[in-house]
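Trainee: Before we start, here is the structure in question, set down as structure tokens.
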Amino acid sequence: MFVIPLAGEEKLNPLIPHPIEIVLSLVVFGLLFFAVKKFVVPNFEKTFAERTQAIEGGLEAAESKQKEADEKLAELEKQLADARHEAARIREDAREQGAQIVAEMREQAQTESARIVDHGKAQIEAERQQAVTSLRAEVGTLATSLAGRIVGESLDDDERSTRVVDRFLADLETIESAQAAVQPDGR
Amino acid sequence: MTFLATLAPMVGSVRTEEFTPPGPGDFNLPPIGPDKTFEFLGQTMYLGVTKPMIQLVLVALLVFAFFRVAGAKRAMVPGKLQYVGEAGYGFVRNSIGRDIIGSQDFMRFVPYLFALFFFILINNFLGTIPFFEFPTMGRVGIVYSLALISWLIYNYVGIKKHGFFGYFKHQTIPGGVTGPVLVLIVPLEFFSNIIVRPVTLALRLFANMFAGHLLLILFALGGEYLLVHGEGLVKVVGPVAWIMFIAVAFLEVLIQFLQAYVFVLLNATYIQGALAEEH
């Protein structure tokens, strides 16, 4: 119903090649291939290689920088640890010194207090001695006058009264010393 | 066209006998200068410089000049031109060369694959680029020689690697096949790997470019014819054909790229197959 006429009068077979085109294509592509191989590919390859190298070099540099930084950090940390250690040592020393000072002070205070106590005791002893001496004198006088009043006779005879008192006191002392002799071992 | 023919009696009439549909003649462009002819294999052929020949040389110069200039600066941080050049080169080098052939052997084939890819690609693109509008690879002779080069290369590297008989054993006997079935397999594999490969390689590229261009001519001339000679509503169909022309032209750009890619990819695959240790 609908006939498509073929183009042209002679029948062209598109699969039959044109010989000049075959040769031309071989020559042109061949030339292009050699030109590309010699002048184009090496350029790109060199660029790629250089870029790879540059990147690797950059990485290496970064790595060494990193290493350096790590080393520095380690050093600083070591210094810090040393400083901490030093501080701790100083603190310890100070504490020891403080304790020593406190101990010394305590000792001094104790000696001082002991001295004060001794001094007080000595004073008391002296005062007691004094009291005893004055008492001894007064007790005699008082006792004689009291006894004189009681017995109604004058005991103002010094010689006799002194003898009585002395005897009394001697008795007293013997009792005391007997008691002391018993007591040291006692109980 | 059959659709138009059935439509024609209803809405108008087209004098179909006056329309000359596009055919192989549209690819047989006359030479520049005097129309001399010669006979070859029963065909009358023009003798002289024709459009596809000029395009062929022009593309070769263009591809070389572009990549030469783009790669010359060798900056560590590439500019726009160098970046485009490196992207194009790197695409063929890595995605076709290294990925298919393998990182051990690919480098010696990169110049070939690279030149081939951009040579075919730009020649194909000329089928759509205004003022050229003729796919150089629509001329079968040009494609035959590229397929011939491919055939020579993969057989050569195969024979060089495995030795003459070793290579044919490698190409015709699939691994693990033994016994009487070899009588069947060996001729089949030989036919498929040695004889048919270059033919299909060439015809695939040629036929795609040929048919694509034919389709474009058909839409362009058909639209014009309908607009000029059609009567009534048929006139309107003419501009519609032109819209189709634009759509098909974009599709063609994709096919032009794909065919260049497939041609080079198959080249790399054949080389890889010839170099492979075992199947």
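The values are calculated or read from the model by the stated rules, or taken from the named source; none is laboratory data. Since the model is a prediction, treat every value here as computed from it, not as a measurement. Counting neighbours? That spans all protein chains shown, and the Cβs are built from the backbone with ideal geometry, glycine included.
Trainee: Between B:Ile185, B:Ile255, B:Ile173, which is modelled with pLDDT of 90 or more and either among the β-branched types (Val, Ile, Thr) or surrounded by 12 or more Cβ atoms within 10 Å (Cβ to Cβ) (or both)? Can you show your working first?
Mentor: Numbers: B:Ile185 fails: modelled with pLDDT of 90 or more; B:Ile173 fails: modelled with pLDDT of 90 or more.
Of B:Ile185, B:Ile255, B:Ile173, the one residue that is modelled with pLDDT of 90 or more and either among the β-branched types (Val, Ile, Thr) or surrounded by 12 or more Cβ atoms within 10 Å (Cβ to Cβ) (or both) is B:Ile255.
Trainee: Another question about this same structure. Would a scan of the stretch A:156-176 turn up a residue that is modelled with pLDDT under 80, on the phi > 0 side of the Ramachandran plot and not in a helix (DSSP H, G or I)?
Mentor: no
Trainee: Okay, next question. Can you name the residue in the stretch B:193-240 that is outside any helix (DSSP H, G or I) and small (Gly, Ala, Ser) and is also farthest from B:Leu29 (Cα to Cα) among such residues?
Mentor: Here is the first cut: in the stretch B:193-240, the ones outside any helix (DSSP H, G or I) are B:230-233.
Next, from what is left, pick out any that are small (Gly, Ala, Ser): B:230, B:232.
Details: B:Gly230: 28, B:Gly232: 35 Å.
Filtering first and then ranking leaves B:Gly232.
Trainee: Any idea which residue in the stretch A:132-153 is modelled with the lowest pLDDT, counting only those that are surrounded by 12 or more Cβ atoms within 10 Å (Cβ to Cβ) and either of a type in the set (Gly, Ala, Ser) or on the phi > 0 side of the Ramachandran plot (or both)?
Mentor: Applying the filter and picking the extreme gives A:Gly148.
Quick grid of which residues meet (1) assigned to a loop (DSSP other than H, G, I, E, B); (2) closer than 22 Å to B:Leu146 by Cβ; (3) without any contact (Cβ under 8 Å) to a residue 60 or more places away in the chain; (4) aliphatic (A, V, I, L, M):
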position	(1), (2), (3), (4)
B:Asp35	no, no, yes, no
B:Val57	no, yes, yes, yes
B:Leu61	no, yes, yes, yes
B:Gly71	no, no, yes, no
B:Leu81	no, no, yes, yes
B:Ala87	no, no, yes, yes
B:Arg108	no, yes, yes, no
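Trainee: Can you confirm whether A:Lys46 is surrounded by 10 or more Cβ atoms within 10 Å (Cβ to Cβ) and at pLDDT below 95? Give the derivation first.
Mentor: Values: surrounded by 10 or more Cβ atoms within 10 Å (Cβ to Cβ): yes; at pLDDT below 95: yes.
For A:Lys46, the condition - surrounded by 10 or more Cβ atoms within 10 Å (Cβ to Cβ) and at pLDDT below 95 - is met.
Trainee: Right, A:Ala94: part of a helix (DSSP H, G or I) and within 14 Å of chain B (Cβ to nearest Cβ) or not?
Mentor: Details: part of a helix (DSSP H, G or I): yes; within 14 Å of chain B (Cβ to nearest Cβ): no.
No, not satisfied.
Trainee: Right, next: Being within 14 Å of chain B (Cβ to nearest Cβ), in contact with a strand residue (DSSP E or B) (Cβ under 8 Å, 6 or more places away or on another chain) and surrounded by 10 or more Cβ atoms within 10 Å (Cβ to Cβ) narrows it down to one of A:Leu12, A:Leu26, A:Leu31, so name that one.
Mentor: Details: A:Leu26 fails: in contact with a strand residue (DSSP E or B) (Cβ under 8 Å, 6 or more places away or on another chain); A:Leu31 fails: in contact with a strand residue (DSSP E or B) (Cβ under 8 Å, 6 or more places away or on another chain).
Selected residue: A:Leu12, the only one of A:Leu12, A:Leu26, A:Leu31 that is within 14 Å of chain B (Cβ to nearest Cβ), in contact with a strand residue (DSSP E or B) (Cβ under 8 Å, 6 or more places away or on another chain) and surrounded by 10 or more Cβ atoms within 10 Å (Cβ to Cβ).
Trainee: Quick one: in the stretch B:26-52, of everything that is among the small types (Gly, Ala, Ser) and either within 11 Å of chain A (Cβ to nearest Cβ) or closer than 14 Å to A:Pro14 by Cβ (or both), which residue is surrounded by the fewest Cβ atoms within 10 Å (Cβ to Cβ)? First the steps, then the outcome.
Mentor: Within the stretch B:26-52, the first condition is being among the small types (Gly, Ala, Ser), and the residues that meet it are B:33, B:42, B:48.
Subsequent filtering for residues that are either within 11 Å of chain A (Cβ to nearest Cβ) or closer than 14 Å to A:Pro14 by Cβ (or both) retains B:42, B:48.
Numbers: B:Gly42: 9, B:Gly48: 15.
Residue satisfying both the conditions and the ranking: B:Gly42.
Trainee: Filter the stretch B:232-250 for residues that are exposed (fewer than 12 other Cβ atoms within 10 Å of the Cβ) and among the aliphatic types (A, V, I, L, M); which is farthest from B:Leu215 (Cα to Cα)?
Mentor: Only one residue tops the list, namely B:Leu233.
Trainee: Going by what's in this entry, would B:Gln104 be described as outside any helix (DSSP H, G or I), modelled with pLDDT of 80 or more and either under 24 Å from B:Leu258 (Cα atoms) or more than 10 Å from chain A (Cβ to nearest Cβ) (or both)? It would help to see each step written out before you state the result.
Mentor: Working: outside any helix (DSSP H, G or I): yes; modelled with pLDDT of 80 or more: yes; either under 24 Å from B:Leu258 (Cα atoms) or more than 10 Å from chain A (Cβ to nearest Cβ) (or both): yes.
So B:Gln104 passes the test.
Trainee: Moving on to the next point. Do the conditions hold for A:Ile20, that is, is it under 30 Å from B:Phe40 (Cα atoms) and either in contact (Cβ under 8 Å) with a residue 40 or more places away in the chain or at the interface with another protein chain (Cβ under 7 Å from one of its Cβ atoms) (or both)?
Mentor: Numbers: under 30 Å from B:Phe40 (Cα atoms): yes; either in contact (Cβ under 8 Å) with a residue 40 or more places away in the chain or at the interface with another protein chain (Cβ under 7 Å from one of its Cβ atoms) (or both): no.
It is false that A:Ile20 is under 30 Å from B:Phe40 (Cα atoms) and either in contact (Cβ under 8 Å) with a residue 40 or more places away in the chain or at the interface with another protein chain (Cβ under 7 Å from one of its Cβ atoms) (or both).
Trainee: Inside the stretch B:37-53, can you point out the residues that are under 23 Å from B:Asn124 (Cβ atoms) and not in a strand (DSSP E or B)?
Mentor: Listed by number, the residues that qualify are B:Thr50, B:Lys51, B:Pro52, B:Met53.
Trainee: Taking B:Glu277 as meeting all but one of (1) under 29 Å from B:Ile101 (Cα atoms); (2) in a helix (DSSP H, G or I), write down the number of the exception.
Mentor: Of (1) under 29 Å from B:Ile101 (Cα atoms); (2) in a helix (DSSP H, G or I), only one is false for B:Glu277: (2).
Trainee: Let me ask something else. When you scan the stretch B:110-142, how many residues do you find that are within 8 Å of chain A (Cβ to nearest Cβ) and not in a loop (DSSP other than H, G, I, E, B)?
Mentor: Filtering the stretch B:110-142 down to residues within 8 Å of chain A (Cβ to nearest Cβ) leaves B:110-112, B:114-116, B:119, B:139-142.
Next cut, not in a loop (DSSP other than H, G, I, E, B) only: B:110-112, B:114-116, B:119, B:140-142.
Looking only at that region, the number is 10.
Trainee: State all residues of the stretch B:58-87 that are among the small types (Gly, Ala, Ser), under 27 Å from the mean Cα position of the chain (by Cα) and at the interface with another protein chain (Cβ under 9 Å from one of its Cβ atoms); if no residue qualifies, say none. Step through it out loud before you land on a result.
Mentor: Initially, the stretch B:58-87 is screened for residues among the small types (Gly, Ala, Ser), giving B:60, B:65, B:70-72, B:75, B:79, B:85, B:87.
In the following step, the residues that additionally are under 27 Å from the mean Cα position of the chain (by Cα) were identified as B:60, B:65, B:70-71, B:85, B:87.
Selection gives B:Ala60, B:Ala70, B:Gly71, B:Gly85.
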